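Here's the structure we're looking at; comments come further down.
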Amino acid sequence: MWGALLRHGVRCAGGIRCLSSGGPPWSQVVSEAEKIVGYPTSFMSLRCLLSDELSNIAMQVRKLVGTKHPLLDTARGFVYDSRNNLQMRGLVVLLISKAAGPSTAELSFQHDMVSGIYSSQRSLAEITELIHTAFLVHRGIVNIGELKSCDGPLKDMQFGNKMAVLSGDFLLANACTSLAQLQNTKVVELISSAIGDLVQGIYYENAKSSEENCLTDDIGISRWKEQVFLSHSALLAKSCQAAMELAKHSAEIQDMAFQYGKHMSMSHKLHSDLQPFVKESSNDTMTFNLNSAPAILHQEFRGREAWLKQIRELQEAIKAGKGVTSAIDLCRCHRNRALAALEQFPPSEARDALANIVYAVTRFP
(Lines give C-alpha, C1' and ligand atoms only; values in the text may rest on other atoms or scores of the structure.)
Protein backbone atom coordinates (compact mmCIF):
# COMPACT_ATOMS: atom_id res chain seq x y z
CA MET A 1 0.00 0.00 0.00
CA TRP A 2 1.09 3.57 -0.54
CA GLY A 3 1.85 4.83 2.95
CA ALA A 4 2.55 8.37 1.77
CA LEU A 5 -0.83 8.55 0.08
CA LEU A 6 -2.59 7.20 3.13
CA ARG A 7 -1.03 9.99 5.18
CA HIS A 8 -2.64 12.46 2.78
CA GLY A 9 -6.05 10.78 2.89
CA VAL A 10 -6.05 9.09 -0.53
CA ARG A 11 -7.00 5.42 -0.85
CA CYS A 12 -4.80 3.18 -2.97
CA ALA A 13 -6.00 0.02 -4.64
CA GLY A 14 -4.41 -3.04 -6.15
CA GLY A 15 -1.39 -3.28 -3.85
CA ILE A 16 0.64 -0.94 -6.09
CA ARG A 17 4.26 -0.55 -5.07
CA CYS A 18 5.42 3.06 -5.09
CA LEU A 19 8.03 5.42 -3.76
CA SER A 20 7.74 7.12 -0.42
CA SER A 21 9.10 10.65 0.02
CA GLY A 22 12.48 9.12 0.85
CA GLY A 23 12.57 6.66 -2.04
CA PRO A 24 15.13 6.20 -4.83
CA PRO A 25 16.27 9.25 -6.82
CA TRP A 26 14.70 10.19 -10.15
CA SER A 27 17.61 8.69 -12.12
CA GLN A 28 16.95 5.27 -10.56
CA VAL A 29 13.21 5.57 -11.22
CA VAL A 30 13.93 6.26 -14.90
CA SER A 31 16.45 3.42 -15.13
CA GLU A 32 13.96 0.92 -13.72
CA ALA A 33 11.17 2.24 -15.96
CA GLU A 34 13.35 1.95 -19.07
CA LYS A 35 13.92 -1.74 -18.29
CA ILE A 36 10.17 -2.24 -18.18
CA VAL A 37 9.51 -0.64 -21.58
CA GLY A 38 12.36 -2.46 -23.29
CA TYR A 39 15.03 0.12 -24.14
CA PRO A 40 16.62 3.34 -22.88
CA THR A 41 14.54 6.34 -23.84
CA SER A 42 17.75 8.27 -24.43
CA PHE A 43 17.55 6.55 -27.83
CA MET A 44 13.93 7.61 -28.30
CA SER A 45 14.52 9.95 -31.20
CA LEU A 46 17.80 8.42 -32.34
CA ARG A 47 16.67 7.97 -35.95
CA CYS A 48 15.96 11.67 -36.26
CA LEU A 49 18.92 12.88 -34.20
CA LEU A 50 21.37 10.88 -36.34
CA SER A 51 19.96 12.14 -39.63
CA ASP A 52 22.24 14.04 -41.99
CA GLU A 53 20.08 17.15 -41.68
CA LEU A 54 20.27 17.33 -37.89
CA SER A 55 23.96 16.44 -37.89
CA ASN A 56 24.53 19.48 -40.09
CA ILE A 57 22.50 21.62 -37.69
CA ALA A 58 24.61 20.36 -34.78
CA MET A 59 27.78 21.38 -36.61
CA GLN A 60 26.36 24.86 -37.14
CA VAL A 61 25.36 25.18 -33.47
CA ARG A 62 29.02 24.69 -32.51
CA LYS A 63 29.64 28.17 -33.87
CA LEU A 64 27.75 29.52 -30.86
CA VAL A 65 30.34 28.22 -28.39
CA GLY A 66 31.60 31.18 -26.37
CA THR A 67 28.26 32.99 -26.44
CA LYS A 68 25.36 32.86 -23.99
CA HIS A 69 22.75 31.88 -26.54
CA PRO A 70 20.11 29.60 -24.92
CA LEU A 71 20.29 27.16 -27.83
CA LEU A 72 23.65 25.96 -26.47
CA ASP A 73 22.12 25.01 -23.12
CA THR A 74 19.30 23.21 -24.91
CA ALA A 75 21.80 21.27 -27.01
CA ARG A 76 23.83 20.33 -23.92
CA GLY A 77 20.64 19.07 -22.32
CA PHE A 78 20.25 16.49 -25.08
CA VAL A 79 23.50 14.91 -23.92
CA TYR A 80 23.19 15.44 -20.18
CA ASP A 81 20.44 16.88 -18.02
CA SER A 82 21.14 16.99 -14.29
CA ARG A 83 17.42 17.03 -13.50
CA ASN A 84 16.77 14.14 -15.88
CA ASN A 85 13.64 15.71 -17.35
CA LEU A 86 14.48 15.05 -21.00
CA GLN A 87 12.72 12.06 -22.58
CA MET A 88 10.28 11.88 -19.65
CA ARG A 89 7.21 12.36 -21.83
CA GLY A 90 8.05 9.55 -24.21
CA LEU A 91 8.85 7.26 -21.29
CA VAL A 92 5.45 7.96 -19.70
CA VAL A 93 3.68 7.22 -23.00
CA LEU A 94 5.47 3.87 -23.23
CA LEU A 95 4.75 2.99 -19.61
CA ILE A 96 1.05 3.79 -19.77
CA SER A 97 0.83 1.81 -23.02
CA LYS A 98 2.28 -1.22 -21.26
CA ALA A 99 0.21 -0.65 -18.12
CA ALA A 100 -3.01 -0.70 -20.16
CA GLY A 101 -1.93 -3.64 -22.31
CA PRO A 102 -3.87 -4.75 -25.39
CA SER A 103 -7.61 -4.22 -25.58
CA THR A 104 -10.01 -7.01 -26.46
CA ALA A 105 -10.54 -5.29 -29.82
CA GLU A 106 -6.84 -5.64 -30.67
CA LEU A 107 -6.05 -9.17 -29.49
CA SER A 108 -5.43 -10.36 -33.05
CA PHE A 109 -2.63 -7.85 -33.47
CA GLN A 110 -0.53 -8.84 -30.44
CA HIS A 111 2.17 -10.17 -32.77
CA ASP A 112 3.00 -6.48 -33.36
CA MET A 113 3.85 -5.99 -29.68
CA VAL A 114 7.36 -5.85 -28.20
CA SER A 115 7.64 -5.89 -24.39
CA GLY A 116 3.85 -5.43 -24.27
CA ILE A 117 3.85 -2.24 -26.35
CA TYR A 118 2.59 -1.81 -29.94
CA SER A 119 5.03 -0.44 -32.51
CA SER A 120 2.58 2.39 -33.20
CA GLN A 121 2.71 3.35 -29.52
CA ARG A 122 6.52 3.43 -29.63
CA SER A 123 6.30 5.68 -32.67
CA LEU A 124 3.89 7.92 -30.76
CA ALA A 125 6.36 8.15 -27.87
CA GLU A 126 9.06 9.29 -30.31
CA ILE A 127 6.66 11.80 -31.88
CA THR A 128 5.84 13.22 -28.44
CA GLU A 129 9.53 13.68 -27.66
CA LEU A 130 10.23 15.29 -31.04
CA ILE A 131 7.42 17.81 -30.51
CA HIS A 132 8.60 18.61 -27.00
CA THR A 133 12.19 18.99 -28.18
CA ALA A 134 11.12 21.22 -31.09
CA PHE A 135 9.39 23.61 -28.71
CA LEU A 136 12.34 23.56 -26.32
CA VAL A 137 14.55 24.66 -29.21
CA HIS A 138 12.07 27.34 -30.30
CA ARG A 139 11.98 28.70 -26.75
CA GLY A 140 15.70 29.40 -27.10
CA ILE A 141 15.07 32.39 -29.38
CA VAL A 142 16.37 35.52 -27.67
CA ASN A 143 15.17 39.11 -27.86
CA ILE A 144 17.96 40.85 -29.76
CA GLY A 145 16.91 44.23 -28.39
CA GLU A 146 17.61 43.13 -24.80
CA LEU A 147 21.08 41.67 -25.36
CA LYS A 148 24.12 42.83 -23.41
CA SER A 149 27.70 42.92 -24.63
CA CYS A 150 28.59 40.01 -22.33
CA ASP A 151 26.06 37.76 -24.11
CA GLY A 152 28.22 37.55 -27.22
CA PRO A 153 28.65 39.26 -30.62
CA LEU A 154 25.38 40.44 -32.15
CA LYS A 155 25.94 38.51 -35.38
CA ASP A 156 26.45 35.27 -33.43
CA MET A 157 23.27 35.80 -31.42
CA GLN A 158 21.33 36.53 -34.60
CA PHE A 159 22.77 33.36 -36.13
CA GLY A 160 21.71 31.44 -33.02
CA ASN A 161 18.15 32.65 -33.45
CA LYS A 162 18.11 31.49 -37.06
CA MET A 163 19.39 28.07 -36.02
CA ALA A 164 16.77 27.81 -33.26
CA VAL A 165 13.99 28.52 -35.73
CA LEU A 166 15.31 26.18 -38.44
CA SER A 167 16.22 23.25 -36.17
CA GLY A 168 12.96 23.51 -34.22
CA ASP A 169 10.98 23.56 -37.46
CA PHE A 170 12.93 20.55 -38.71
CA LEU A 171 12.10 18.50 -35.61
CA LEU A 172 8.46 19.53 -35.74
CA ALA A 173 8.22 18.62 -39.44
CA ASN A 174 9.65 15.16 -38.72
CA ALA A 175 7.14 14.69 -35.92
CA CYS A 176 4.23 15.66 -38.18
CA THR A 177 5.41 13.31 -40.92
CA SER A 178 5.63 10.40 -38.47
CA LEU A 179 2.24 11.34 -37.04
CA ALA A 180 0.62 11.06 -40.47
CA GLN A 181 2.22 7.63 -40.94
CA LEU A 182 0.26 6.30 -37.94
CA GLN A 183 -2.84 6.56 -40.18
CA ASN A 184 -5.19 7.18 -37.27
CA THR A 185 -7.42 10.23 -37.69
CA LYS A 186 -8.28 10.60 -34.00
CA VAL A 187 -4.62 10.40 -32.94
CA VAL A 188 -3.70 13.01 -35.55
CA GLU A 189 -6.46 15.28 -34.21
CA LEU A 190 -5.34 14.80 -30.61
CA ILE A 191 -1.66 15.52 -31.20
CA SER A 192 -2.41 18.38 -33.60
CA SER A 193 -4.60 20.00 -30.95
CA ALA A 194 -1.78 19.51 -28.41
CA ILE A 195 0.59 21.37 -30.74
CA GLY A 196 -1.99 24.16 -30.97
CA ASP A 197 -2.23 24.25 -27.18
CA LEU A 198 1.56 24.51 -26.90
CA VAL A 199 1.67 27.41 -29.35
CA GLN A 200 -1.04 29.24 -27.44
CA GLY A 201 0.59 28.60 -24.06
CA ILE A 202 4.06 29.64 -25.18
CA TYR A 203 2.66 32.73 -26.89
CA TYR A 204 1.27 33.82 -23.54
CA GLU A 205 4.60 33.10 -21.82
CA ASN A 206 6.55 35.07 -24.41
CA ALA A 207 4.13 37.99 -24.18
CA LYS A 208 5.16 38.55 -20.57
CA SER A 209 8.74 37.20 -20.67
CA SER A 210 10.26 40.66 -21.16
CA GLU A 211 8.83 41.58 -17.76
CA GLU A 212 9.76 38.34 -16.01
CA ASN A 213 10.94 40.12 -12.87
CA CYS A 214 7.95 42.45 -12.74
CA LEU A 215 4.39 41.86 -11.60
CA THR A 216 2.66 41.57 -14.95
CA ASP A 217 -0.76 40.01 -14.52
CA ASP A 218 -3.50 39.97 -11.90
CA ILE A 219 -4.44 36.33 -12.49
CA GLY A 220 -5.92 33.81 -10.09
CA ILE A 221 -4.98 30.20 -9.62
CA SER A 222 -7.76 29.03 -11.96
CA ARG A 223 -6.34 31.09 -14.80
CA TRP A 224 -2.84 29.89 -13.91
CA LYS A 225 -4.02 26.28 -14.24
CA GLU A 226 -5.49 26.98 -17.67
CA GLN A 227 -2.25 28.53 -18.90
CA VAL A 228 -0.05 25.78 -17.45
CA PHE A 229 -2.23 23.09 -19.01
CA LEU A 230 -1.68 24.64 -22.42
CA SER A 231 2.09 25.08 -22.17
CA HIS A 232 3.08 22.12 -19.96
CA SER A 233 0.35 19.48 -19.68
CA ALA A 234 -1.61 19.23 -22.92
CA LEU A 235 1.05 17.38 -24.91
CA LEU A 236 1.58 14.62 -22.35
CA ALA A 237 -2.12 14.29 -21.48
CA LYS A 238 -3.21 13.99 -25.10
CA SER A 239 -0.29 11.70 -25.98
CA CYS A 240 -1.32 9.31 -23.19
CA GLN A 241 -4.89 9.37 -24.51
CA ALA A 242 -3.65 8.82 -28.07
CA ALA A 243 -1.65 5.78 -26.94
CA MET A 244 -4.87 4.23 -25.64
CA GLU A 245 -6.64 5.05 -28.90
CA LEU A 246 -3.91 3.25 -30.87
CA ALA A 247 -4.63 0.11 -28.83
CA LYS A 248 -8.41 0.60 -29.29
CA HIS A 249 -9.11 0.97 -25.59
CA SER A 250 -12.45 2.26 -24.36
CA ALA A 251 -13.28 5.93 -23.89
CA GLU A 252 -13.08 5.42 -20.11
CA ILE A 253 -9.53 4.08 -20.25
CA GLN A 254 -8.57 6.85 -22.67
CA ASP A 255 -9.89 9.43 -20.22
CA MET A 256 -7.98 7.87 -17.31
CA ALA A 257 -4.78 8.00 -19.36
CA PHE A 258 -5.49 11.66 -20.18
CA GLN A 259 -6.10 12.42 -16.49
CA TYR A 260 -2.84 10.75 -15.47
CA GLY A 261 -0.82 12.72 -18.02
CA LYS A 262 -2.54 15.98 -17.12
CA HIS A 263 -2.22 15.76 -13.35
CA MET A 264 1.27 14.27 -13.33
CA SER A 265 2.60 17.14 -15.47
CA MET A 266 0.64 19.74 -13.46
CA SER A 267 2.14 18.44 -10.21
CA HIS A 268 5.56 18.45 -11.87
CA LYS A 269 5.18 22.13 -12.82
CA LEU A 270 3.98 23.04 -9.32
CA HIS A 271 6.96 21.23 -7.86
CA SER A 272 9.27 23.25 -10.13
CA ASP A 273 7.60 26.55 -9.15
CA LEU A 274 8.04 25.74 -5.49
CA GLN A 275 11.77 25.03 -5.56
CA PRO A 276 12.96 28.61 -4.81
CA PHE A 277 10.79 28.61 -1.68
CA VAL A 278 11.35 25.15 -0.22
CA LYS A 279 15.10 24.69 -0.71
CA GLU A 280 16.75 24.06 2.64
CA SER A 281 19.91 26.06 1.86
CA SER A 282 19.71 29.60 3.23
CA ASN A 283 22.21 30.69 0.57
CA ASP A 284 19.96 29.55 -2.27
CA THR A 285 19.70 32.23 -4.96
CA MET A 286 17.29 30.53 -7.36
CA THR A 287 15.24 32.98 -9.37
CA PHE A 288 11.49 32.74 -9.43
CA ASN A 289 8.65 34.09 -11.50
CA LEU A 290 6.12 36.47 -9.97
CA ASN A 291 3.42 34.58 -11.87
CA SER A 292 4.41 31.20 -10.40
CA ALA A 293 1.91 29.25 -8.33
CA PRO A 294 3.20 30.23 -4.85
CA ALA A 295 3.22 33.91 -5.81
CA ILE A 296 -0.31 33.80 -7.25
CA LEU A 297 -1.70 31.93 -4.26
CA HIS A 298 0.06 34.33 -1.90
CA GLN A 299 -1.57 37.24 -3.74
CA GLU A 300 -4.99 35.62 -3.38
CA PHE A 301 -4.54 35.27 0.38
CA ARG A 302 -3.09 38.76 0.90
CA GLY A 303 -5.12 40.74 -1.62
CA ARG A 304 -3.84 42.71 -4.62
CA GLU A 305 -3.03 45.97 -2.82
CA ALA A 306 -1.11 44.36 0.03
CA TRP A 307 0.65 42.21 -2.53
CA LEU A 308 1.89 45.23 -4.47
CA LYS A 309 3.38 46.72 -1.28
CA GLN A 310 5.46 43.60 -0.68
CA ILE A 311 7.23 43.48 -4.02
CA ARG A 312 10.67 44.53 -2.72
CA GLU A 313 10.74 41.74 -0.14
CA LEU A 314 8.60 39.36 -2.13
CA GLN A 315 10.46 36.08 -1.87
CA GLU A 316 10.76 36.20 1.91
CA ALA A 317 7.12 37.27 2.18
CA ILE A 318 5.99 34.29 0.12
CA LYS A 319 8.11 31.94 2.18
CA ALA A 320 6.45 33.22 5.37
CA GLY A 321 2.91 33.30 3.93
CA LYS A 322 0.37 30.69 2.93
CA GLY A 323 1.23 30.66 -0.78
CA VAL A 324 3.98 28.04 -0.45
CA THR A 325 2.01 25.63 1.72
CA SER A 326 -1.05 26.05 -0.50
CA ALA A 327 1.04 25.41 -3.62
CA ILE A 328 2.48 22.28 -1.98
CA ASP A 329 -1.06 21.12 -1.19
CA LEU A 330 -2.09 21.82 -4.80
CA CYS A 331 0.95 19.89 -6.07
CA ARG A 332 -0.02 16.94 -3.89
CA CYS A 333 -3.60 17.21 -5.07
CA HIS A 334 -2.59 16.86 -8.73
CA ARG A 335 -0.16 14.09 -7.76
CA ASN A 336 -2.94 12.19 -5.99
CA ARG A 337 -5.36 12.66 -8.89
CA ALA A 338 -2.73 11.25 -11.26
CA LEU A 339 -2.29 8.27 -8.94
CA ALA A 340 -6.05 7.82 -8.67
CA ALA A 341 -6.29 7.65 -12.47
CA LEU A 342 -3.79 4.77 -12.40
CA GLU A 343 -6.15 2.66 -10.28
CA GLN A 344 -8.16 2.00 -13.47
CA PHE A 345 -5.21 0.04 -14.90
CA PRO A 346 -4.42 -3.55 -13.83
CA PRO A 347 -1.50 -4.10 -11.41
CA SER A 348 1.83 -4.36 -13.22
CA GLU A 349 5.44 -3.18 -13.12
CA ALA A 350 4.54 -0.49 -15.65
CA ARG A 351 1.79 0.87 -13.38
CA ASP A 352 4.21 0.85 -10.44
CA ALA A 353 6.74 2.77 -12.55
CA LEU A 354 4.14 5.38 -13.53
CA ALA A 355 3.33 5.86 -9.84
CA ASN A 356 7.02 6.14 -9.00
CA ILE A 357 7.48 8.82 -11.66
CA VAL A 358 4.72 10.89 -10.06
CA TYR A 359 6.41 10.65 -6.68
CA ALA A 360 9.86 11.33 -8.11
CA VAL A 361 8.80 14.58 -9.79
CA THR A 362 6.86 15.87 -6.78
CA ARG A 363 9.23 15.04 -3.91
CA PHE A 364 10.06 17.86 -1.51
CA PRO A 365 13.01 17.98 0.91
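Heavy atoms of the protein only, probe of 1.4 Å, neighbouring chains included. What is the accessible area of His271 in Å², nearest 10?
Accessible area, nearest 10 Å²: 10 Å².
Going by average Cβ neighbours within 10 Å, how do the peptides 336-348, 232-244 rank, with the highest at the top?
Values: 336-348: 19.5, 232-244: 26.3.
Result, highest mean Cβ count within 10 Å first: 232-244, 336-348.
What relative contact order, as a whole-number percentage, does the stretch 297-365 give when Cα pairs under 8 Å and 6 or more residues apart are counted? Let's see the in-between values first.
Values: 28 pairs, mean separation 20.4, N = 69.
RCO, the stretch 297-365: 30 percent.
Once the piece of chain linking Ser222 and Glu189 is laid out straight, how much longer is it, given 0.36 nm per residue of separation minus the C-alpha distance between them?
Numbers: separation 33, 0.36 × 33 = 11.88 nm, distance 2.62 nm.
Additional length available on full extension: 9.3 nm.
Could you give me D for the stretch 228-365, from Stokes-Einstein at 4 °C and 1.567 mPa s, where the hydrodynamic radius is the Kirkwood radius over C-alpha pairs? Units µm² s⁻¹, please. Walk me through the numbers before you get to the answer.
Details: Rh = 16.2 Å.
It diffuses with D of about 80 µm²/s by this estimate.
Using a 1.4 angstrom probe and counting only protein chains, how large is the accessible area of Glu316 in Å², to 10?
120 Å²
Would you mind computing, in nm to one decimal, how far apart the modelled labels at Thr325 and Ser250 are, each placed 7 Å from Cα along Cα→Cβ?
4.2 nm
According to a simple spin-label model (label point 7 Å from Cα along Cα-to-Cβ), what is the distance in nm between Gln275 and Leu166?
My value for the distance between the label points is 3.2 nm.
Ala306 to Val114: extension gain in nm, 0.36 nm per residue of separation minus the Cα-Cα distance? Spell out each step's value before the answer.
Details: separation 192, 0.36 × 192 = 69.12 nm, distance 5.82 nm.
Contour length minus Cα-Cα distance gives 63.3 nm.
In the full protein assembly as shown, how much of Tyr204 is accessible to a 1.4 Å probe, in Å² to the nearest 10?
50 Å²
The values are calculated or read from the model by the stated rules, or taken from the named source; none is laboratory data. Nothing here was measured: the structure is a model prediction, and the numbers come from that model. Ideal geometry is used to build each Cβ from the backbone, glycine not excepted, and the neighbour counts take in all protein chains shown. Surface accessibility is based on the protein's heavy atoms, side chains included, excluding ligands, DNA and RNA. Shrake-Rupley method; radii C 1.70, N 1.55, O 1.52, S 1.80 Å.
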